[in-house]
Structure formats: structure tokens, C-alpha cells
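Have a look at the structure below before the remarks.
The values are calculated or read from the model by the stated rules, or taken from the named source; none is laboratory data. Everything numeric in this text was worked out from a predicted model, so none of it was measured. As a convention, Cβ positions derive from the backbone with ideal geometry for all residues, glycine included, and neighbour counts pool all protein chains shown. The accessibility values were calculated without ligands, DNA or RNA, using every heavy atom of the protein model including side chains. Shrake-Rupley method; radii C 1.70, N 1.55, O 1.52, S 1.80 Å.
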Amino acid sequence: MAKKRSKRSSNTSATRTGRAGRAAATTGGGSTINTWEQDPGDGTQPSGGQLIQRPVPVLKDQPLPTSITAPAPAPQQFQPGTTNFRYWAAAEALRRGADFWGPLLPPGTSWEVGPTLPVDLDFGDDLNAYYDREGLKFFHGSAGGKMVFSGESPDVVCHELGHAVLDSFKPQLWDAASMEVAAFHESFGDMSALLSALQLPSLRQAILAETSGVLYRASRLSRLAEQLGWAIRQSRPSAVEADCLRNAVNTFFYRDPDTLPTSAPATALSSEPHSFSRVFTAAFFEGLAGMLATKSTKNEAALLQVSQDIGTILVQGIRGGSVVPTFFSQVAATMLSVAASQFSAQGYDAPLRSAFVRHGLLPPSMAMSVAHAAPRAAAMAAAGPGAPPESPTLPTLQLSVAEYDLGVPYILVHAAAEPKRFQVAGAALAVGAVAPPGEDQAAKSFFEDLLRRGRVKVAKAGNAAAEVVRAIAPQSHETHTHELRREGGQTVLRRIRIDCGCGHC
């Protein structure tokens, strides 16, 4: 069972870090390793990914050091299908993702688990990967006569790394009782995969050629985790996209998650976090494409620059975004204010505003009004070391749960109830904005949604018979995302892990 650790690493973590650090130090410089450019799969096929050579990564380096628990093999250009290849493919993705995000985060940011993030590349049999505040866990699973390793895919590795990165600078989101906050964590993982991939010159050149410079088109870049998507599709064809796990190019429009079903095929939206995340991811990716369109020369250097600029805007938008039930709109509004204040010369606010309106993250009127508050909001988002620190946790509230036969009348939840910096919400289907739910209603909806999807483990002090079981859950390990714990005489809803298995299952 995963238990939350403080930022002071445990003795076990220190031991693992020391072993991995010594192994990494022996790799030296100047040599190269083989890795996948983005994913082992290619569209609807489980194989066919682009193989490239990259410098040997050193995981212990700053920023954001990581440590793979397995011993590091001597670096060579290993062939796909071997354990040694999988090690270096994962290591390269981890290092590249950390190198991208590290300079964009507030000075002194470290992992929530401690100085070094542990990574287990084969934690068991499952089509899965997750982050659990102890480290990153990847799995192997059989599908269609092929063994698939989630940790071999740079897309999957950089997605999971994204969860840990977001937790490092916005830990309030971890326990938030909000469907929109949970979906944003998944969207950030996908945005991490996209932006980390764009740090590769070869991929930037290939994508510009494939899309003719019009980035918001379905491509190898927008299609995320093709191989894992293929593997899931062998047993649950409607659970994921037809040619990948998720596609950042889509036409989904914001809906109040309270109005969505708990599950749906990949062609429709549901309140399940991976499914609902696609709204924000598509708006973000369309905004990125629009930012590139502002450049007079749309070459790979320009694409690199806009990828780094939107990373800055995104991080500051998240830092300044109030944790409320309509979190998508808070982040979007703050991103617009940052773009208007800090990137006015580039004109990034116009394409971002258009993308957020087109996908319903903001209604047109609210998107326009954000510009008037740009300097003040941007200053809050980019608050320096002298600013008052944010609380790492959210306010708590008592939630009545007597009707669920859990053995307790109330549970304590962490509510998405921070003061709003922007009076905004997602777009309604007709005119204006949706009516934002109160934090108590959002928390109740979130909890019942977890129950419906079989994601809550009931503590022994409660009634375990109230648990909803999942027929597709693996028997070898737990995959609940939350549990009810007894803490200080109260029953508290706590997140265990951010589980990315089986897409929208």
C-alpha cells in the first residue's frame, strides 16, 4: 500500500538513490544509446516507432534527479525488445522531461517524495502505469500475442513524470475532491508528453513536414501512447482511440462534468479523468499551434521556442490558478493573463484565447474580460521567493455519506475551495458560462463518481461490503485511486495514487 512521504526521503529511498546514482555515474559522456523518438507503436500498429540515437542520460543530475531501481547496464546501442534497451529508453525520457520542466519551476522545487524520484520499470503484470507519491511505477502486459512494457514508451514515461512534476509545485491538487482537478492532472501528464517530445530536433522536423507547418492536425505528435492504446484495444476496443491512447487533436467542448456519464466510449466524453482531460489538452494543443502560426518563419527553431514559451505560461497559469471546482477555467484565465503581460510582443494571448473559447474552457465574454486583469493576475502567478507561501493542502469539509452504508455518517474531504482570483467558469452550451457548483456539491459528485468506478477502498472500520468492485481490476496488485482512512478519530478520503491504466475504462 502506498503511503505519502514527506519531501525528506526515507532511508530506503536514499539507499536506492545511492545505488542508482553510482550506476549512472559510470556511464560517462560522449557515447549514445538507442531509444524511441516518441513511442514504440505507430498509429494502429503495436510496432513501427522511430528509433533514434541520443546522448547517454545521467539521471542523478539536476534539475529533478530520478533513479531507476534496476541496475544501469553499460550504455550501448541496444536493440528493442531487450531489458537493457528498455532501461535506456526510459532513462532518456526521464532525463529529457526533467530537463524541460526543471528550469520552468520555482527555484528550489523538489519532488514531493524527496530529493530523488524513484522509478520502477516493471512493477507487475498490468497494462498500466502510475504515480503514487513514492515514485513512478510501470508494468508489463500481454495483448494480441505481444508483451507490452509501459515504461518503454517515452510518451507514457513523460506522462507519468508529469504527474510527479505537477505534484512538486501544486501539491494542493493531490487530495482535491473535484472531478475537474483530477482530470487536469491527467491533462498535465499528456501536455508533459507533448512538450517533452518537442525538445527533440528530429521530431520537430518530422512533425513540421508531416503537418506542413499546421500543427493542429492529427500526427505522430498528437497521437499519444500508440502501443499501449493498441494493447488496451485488443480486449476493450471502445475504451481508447482507434489509433492511440488519446489524441490531443479533437473537437471536444467543455461540459460540466456533473452532467456527464461516469464512463463512455472513447468517442464521447465522460467524467472519468482521462476522458474529461481531453478537453483541456485539445485547447492547449490548439493554442500551441496558434502560437506557432504567429511566427513569420515556422521552422523547428520556432517550434522549440513556442514549446518552451507555452511551458512557462502553463506553469505560471497553474501556480496562479485557484483550486476551485471549475479549475479548468481558472488555469485558462491565468494563462491568458500571463501571455498578455509577459508575452505581449509575441501576441500569444490571441491564439490562446481563441483555443480556450473554441473548446469551451472560457465563454467569449469572460475570455475578453481577463485581459483587463492581466497585469495583476500575472504578478500573482509569477510571485517570487518573497511572496507568502501557498498552503500545500486545501480546506477540509465534512461530507454526509450515511446513504452509502460505509459505517460512518460523515467523511472528511479536501475541498476545492480556495478564493477565486477570476470570476470565470466553463462555457455553457447556449450562452455565457455554466453555473459553478459549490465546493460541497463538487466534493459529493467526486466521491460518488469514485464509488461508481470502483476506485475507493473502504477502511476496515467502515463497511467493506459497500465497495464497488471492478471486474477488470488486476488480481496481482491494488489499483484503487483513493481510500477511506481513520485519522484522528475521523474517516478521511485520501488519494493513494494517480492510476493511468486502461485509459477511460
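Determine, yes or no, whether L208 is under 24 Å from K137 (Cα atoms) and at pLDDT 95 or above.
no
Within the bounds of the range 422-438, is there any residue that is under 30 Å from R233 (Cβ atoms) and either open to solvent by 50 Å² or more (accessible area, probe 1.4 Å) or in a strand (DSSP E or B) (or both)?
Checked the range 422-438: no residue is under 30 Å from R233 (Cβ atoms) and either open to solvent by 50 Å² or more (accessible area, probe 1.4 Å) or in a strand (DSSP E or B) (or both).
Could you list, in sequence order, the residues of the range 395-408 that are within 14 Å of G489 (Cα to Cα) and at pLDDT below 95?
Listed by number, the residues that qualify are G407, V408.
Anything in the range 489-500 that is more than 24 Å from F184 (Cβ to Cβ), open to solvent by 50 Å² or more (accessible area, probe 1.4 Å) and touching a residue at least 60 places away in the same chain (Cβ under 8 Å)? List them, or say none.
Hit for the range 489-500 is Q490, nothing else.
I'd like the full set of residues that are polar (S, T, N, Q) and either out of contact with any helix residue (DSSP H, G or I) (no Cβ under 9 Å at 6 or more places or on another chain) or over 21 Å from A371 (Cβ atoms) (or both), limited to the range 290-338.
Listed by number, the residues that qualify are S296, T297, N299, Q305, S307, Q308.
Scan the range 230-255 residue by residue and report those that are part of a helix (DSSP H, G or I) and over 19 Å from I498 (Cα atoms).
Scanning the range 230-255 gives W230, A231, R233.
So, in the range 439-475, of the ones that are out of contact with any Lys or Arg (no Cβ under 8 Å at 6 or more places or on another chain), open to solvent by 60 Å² or more (accessible area, probe 1.4 Å) and in a loop (DSSP other than H, G, I, E, B), which residue ends up nearest to V181 (Cα to Cα)?
The qualifying residue nearest to V181 (Cα to Cα) is V469.
Among the residues of the range 77-109, how many are assigned to a loop (DSSP other than H, G, I, E, B), out of contact with any Ser or Thr (no Cβ under 7 Å at 6 or more places or on another chain) and over 15 Å from S168 (Cα atoms)?
Qualifying residue count, the range 77-109: 5.
Could you figure out which of (1) under 21 Å from I232 (Cα atoms); (2) open to solvent by 20 Å² or more (accessible area, probe 1.4 Å) isn't true of L104?
So L104 meets the others, but not (1).
Mind listing whichever residues of the range 162-194 are surrounded by 24 or more Cβ atoms within 10 Å (Cβ to Cβ), of a type in the set (A, V, I, L, M, F, W, C) and not in a helix (DSSP H, G or I)?
A176, A177
Six or more apart or on different chains, Cβ atoms under 7 Å: show the pairs whose first residue is in the range 148-161 and surrounded by fewer than 24 Cβ atoms within 10 Å (Cβ to Cβ) and whose second is among the polar types (S, T, N, Q) and modelled with pLDDT of 95 or more.
Hits for this filter: V148/Q227.
Restricting attention to the range 256-304, report how many residues are in a helix (DSSP H, G or I) and either in contact (Cβ under 8 Å) with a residue 40 or more places away in the chain or open to solvent by 20 Å² or more (accessible area, probe 1.4 Å) (or both).
Of the residues in the range 256-304, 28 are in a helix (DSSP H, G or I) and either in contact (Cβ under 8 Å) with a residue 40 or more places away in the chain or open to solvent by 20 Å² or more (accessible area, probe 1.4 Å) (or both).
Under 7 Å between Cβ atoms, at least 6 apart or on separate chains: pull out the pairs that start in the range 41-52 with a residue that is closer than 13 Å to L228 by Cβ and end on any residue that is among the acidic types (D, E) and part of a strand (DSSP E or B).
What qualifies is G49/D42.
So R486 ticks every box in (1) more than 24 Å from S337 (Cβ to Cβ); (2) part of a loop (DSSP other than H, G, I, E, B); (3) open to solvent by 30 Å² or more (accessible area, probe 1.4 Å) but one. Which box is left unticked?
Condition (2) is where R486 drops out.
Residue by residue, here is whether (1) in contact with an Asp or Glu (Cβ under 8 Å, 6 or more places away or on another chain); (2) over 22 Å from G49 (Cα atoms) holds:
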| site | (1), (2) |
| --- | --- |
| S150 | no, no |
| S153 | yes, no |
| L161 | no, no |
| V165 | no, yes |
| P171 | yes, yes |
| F188 | no, yes |
| Q205 | yes, no |
| E210 | no, no |
| G213 | no, no |
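Residue check: is E478 at negative phi, touching a residue at least 12 places away in the same chain (Cβ under 8 Å) and acidic (D, E)?
It is true that E478 is at negative phi, touching a residue at least 12 places away in the same chain (Cβ under 8 Å) and acidic (D, E).
Scan the range 75-82 and give yes if some residue there is over 16 Å from the mean Cα position of the chain (by Cα), surrounded by fewer than 23 Cβ atoms within 10 Å (Cβ to Cβ) and within 30 Å of Q316 (Cβ to Cβ), otherwise no.
no
From the list V119, V157, V113, which residue is among the hydrophobic types (A, V, I, L, M, F, W, C) and in contact with a Ser or Thr (Cβ under 6 Å, 6 or more places away or on another chain)?
Answer to the check: V119.
If I filter the range 110-123 down to residues being in a loop (DSSP other than H, G, I, E, B) and within 18 Å of the chain's Cα centre (by Cα), which single residue comes out as surrounded by the most Cβ atoms within 10 Å (Cβ to Cβ)?
The extreme case among them is V113.
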